[in-house]
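Encoded as structure tokens, the structure appears first; notes follow it.
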């Protein structure tokens with residue numbers, strides 16, 4: 001197994017995208033640390049992954065103190081080799097006009113702040129690891145004006161800027177930062193019109209195993225996915 005003994009932090013493992021990534025990294029031989037915001041999420045992870053080498057970590061990485069606690073947990077868990085960051089839920093709460101300040105604070109914190117704190121905390125931990133990678137997940141939220149997704153659209157725009165800056169800052173060095181732009185629906189259970197999480201998960205593993213650096217890698221489904229320097233994912 002090419003990922004054997006690698007240690008990977010997978011954000012969003014309770015959701016469809018992160019679940020697929022965590023499953024694929026485990027199947028490739030890696031150990032996974034899976035941050036989740038509460039004990040209920042940790043319980044779902046234990047139930048979903050059973051005896052697999054996946055360690056839930058409970059905390060809020062969007063909070064600076066929570067990010068430092070995650071850093072300390074990683075120091076005890078072991079040096080990390082890869083990060084897969086799928087952070088933030090879907091939001092479709094209405095037009096921008098009339099939104100209460102608390103709504104923006106919640107969306108910004110869960111989406112943009114979480115990504116910023118994760119990147120600023122974990123990139124330095126990857127810097128000394130050979131062939132390390134950081135994959136930040138984006139979607140179509142900042143590319144199309146879907147009705148009633150005003151705050152999500154704005155927060156996702158910030159995530160796109162973050163991804164661009166990460167690629168700029170890691171243009172050289174040991175860490176390969178890439179953006180994985182998902183343009184299709186991913187769900188845990190297979191059904192018409194969606195990509196099963198288990199199938200999608202091969203893509204983030206291919207990015208981690210490959211040599212691609214500083215790219216926006218598009219994922220519109222397994223038949224449309226290609227990655228220079230990585231193994232086939234079909």
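The values are calculated or read from the model by the stated rules, or taken from the named source; none is laboratory data. What you see is a predicted model, and the numbers here were worked out from it, not measured in a lab. Positions of Cβ are backbone-derived with ideal geometry, glycine not excepted, and every protein chain shown enters the neighbour counts.
Structure above, values below:
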| quantity | calculated |
| --- | --- |
| Tally, over segment 44-85, of residues that are in a helix (DSSP H, G or I) and without any contact (Cβ under 8 Å) to a residue 12 or more places away in the chain | 7 |
| Tally, over segment 211-225, of residues that are on the phi > 0 side of the Ramachandran plot and in contact (Cβ under 8 Å) with a residue 40 or more places away in the chain | 1 |
| Test result for residue 171, surrounded by 13 or more Cβ atoms within 10 Å (Cβ to Cβ), modelled with pLDDT under 95 and part of a loop (DSSP other than H, G, I, E, B) | no |
| Single match in 162, 180 (criterion: touching a residue at least 40 places away in the same chain (Cβ under 8 Å) and crowded, with 21+ Cβ neighbours inside 10 Å) | 180 |
| Segment 64-77, subset surrounded by 15 or more Cβ atoms within 10 Å (Cβ to Cβ) and either modelled with pLDDT under 95 or under 18 Å from the mean Cα position of the chain (by Cα) (or both), residue farthest from residue 107 (Cα to Cα) | 74 |
| Among (1) closer than 27 Å to residue 185 by Cα; (2) at pLDDT 95 or above; (3) surrounded by fewer than 16 Cβ atoms within 10 Å (Cβ to Cβ), the one test that residue 95 misses | (2) |
| Residue check, residue 104 over 22 Å from residue 177 (Cα atoms), at pLDDT below 95 and in a loop (DSSP other than H, G, I, E, B) | no |
